[in-house]
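Below is one structure, written out as structure tokens, with a few remarks after it.
The values are calculated or read from the model by the stated rules, or taken from the named source; none is laboratory data. Source: prediction; values computed, not measured. A quick note on method: Cβ atoms are made from the backbone with ideal geometry, for glycine too, and the neighbour counts reach across all protein chains shown. In case anyone asks, the SASA skips ligands and DNA or RNA and just uses the protein heavy atoms, side chains included. Shrake-Rupley method; radii C 1.70, N 1.55, O 1.52, S 1.80 Å.
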Amino acid sequence: MKSNGLDYTALVITVIGALNWGLIGLFRFNLVSFLFGDMSWISRIVYILVGICGLYLLSLFGRIRTMGED
């Protein structure tokens, strides 16, 4: 499987989002809100980017599956 820069960027953004959810679940601390304000336009953009990257990474499952068929 050949990965490109978009794969790595999406993975990093998704991991950051997952860490934020972990902080929310464990400590009730929302890092995005702390840094950018509660539902400011910047924080909304961050949440949108995390969601888009998560959806993009769903395509990784199909690419991994086809890698085994080579």
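Before moving on, here are some points about what is shown:
- Top-ranked residue of region 21-70 - restricted to ones that are touching a Ser or Thr at 6+ places or on another chain (Cβ under 8 Å) and among the hydroxyl-bearing types (Ser, Thr, Tyr), ranked as least open to solvent (accessible area, probe 1.4 Å): SER43
- Residues in region 19-42 that are under 28 Å from ASN4 (Cβ atoms) and not hydrophobic (A, V, I, L, M, F, W, C): 2 in all.
- Number of positions in region 1-20 that are open to solvent by 90 Å² or more (accessible area, probe 1.4 Å) and under 14 Å from the mean Cα position of the chain (by Cα): 4
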